[in-house]
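A quick write-up on the structure given underneath.
What follows is calculated from the coordinates using simple rules that are stated; it is not laboratory data. Just so it is clear, the model here is predicted, and its values are computed rather than measured. As a convention, Cβ positions derive from the backbone with ideal geometry for all residues, glycine included, and neighbour counts pool all protein chains shown.
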Amino acid sequence: MEQPVVGILMGSNSDYPVMIQAGRALGLLDVPFEEFVMSAHRTRERVEAYVKEAEGRGIKIIIAGAGGAAHLAGVVAAGTTLPVIGVPIESKALKGMDSLLSTVQMPPGIPVATMAIDGAKNAGLMAAAMLALSDESLRERLKKSRKEQSAGIQFKPSLPTPQGGTS
Ligand code: RP5
């Protein structure tokens, strides 16, 4: 198996239905990744241990998704100079506004590149775009997938078109 270059972390198993999208996006572009559940609050030591050795194992980018008082991405970013992409997960009480603000409002000095609420797919694509800066073959795969995406955007009427109408 290829050495993972992207680490996908999430605060809880309940985040997985969203965070799976990051892995799917990377997988479709043949970018090797690894995924773990660990929480800035509930398993702080696990997060610290992961962050400490990630770079040495060849990880180049970390994606961190969490909901509520979402500190995971910030805590990860505090422990490494690897780029960290944050995914605020939609929460029950505040619909993800808590997660978004907790992730995006990093004080100057420790950046977290924050995606939209539940924006895990874009997190995967952003990681791929960063890696593509120094990987020509990945850059070509990314361009091809953009072209395919564009070709798939077409008007598909869900209601009968009025007579004489064109689409
Ligand atoms: C956060 O709390 C997790 O990232 C998750 O989004 C949220 C709720 O976790 P569970 O109570 O579902 O485990 O730490």
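Observations on the structure shown:
- Net lengthening on full extension, GLU48/LYS95 (0.36 nm per residue, minus Cα-Cα): 14.1 nm
- Between GLN3 and PHE155, the C-beta separation translates, for a Förster distance of 41 Å, into a calculated FRET efficiency of about 0.40.
- With N counted as the residues of the chain, its alpha-carbon radius of gyration over 2.2 N^0.38 Å works out to 1.18.
- Ratio of Rg to Rh over the range 5-71 (Cα coordinates, Kirkwood Rh, two decimals): 0.96
- Net charge of neighbours whose Cβ lies under 13 Å from the Cβ of ALA78, counting Lys and Arg as +1 and Asp and Glu as -1: +1
- Charge tally for GLY96 (other residues, Cβ to Cβ under 14 Å; Lys, Arg +1; Asp, Glu -1): -2.
- Charge tally in the Cβ shell below 12 Å around ILE63, where Lys, Arg are +1 and Asp, Glu are -1, ILE63 excluded: -1
- Of the trypsin sites (Lys or Arg not before Pro) in the range 15-56, those whose Cβ has at most 16 other Cβ within 10 Å and which sit in DSSP loop: ARG42
- In the chain, helices alone account for a calculated mean residue ellipticity at 222 nm of -12500 deg cm²/dmol, with every DSSP H run of four or more residues adding -39,500 (n - 2.57).
- Cut-off 14 Å (backbone N to label point 7 Å along Cα→Cβ of SER14), residues of the range 60-74: 66-70
- The distance linking the range 68-95 with the range 8-48 is 11 Å (Cα centroid to Cα centroid, whole angstrom).
- The chain: most fluctuating residue of LEU100, LEU72, LEU133 per GNM, C-alpha cutoff 10 Å: LEU133
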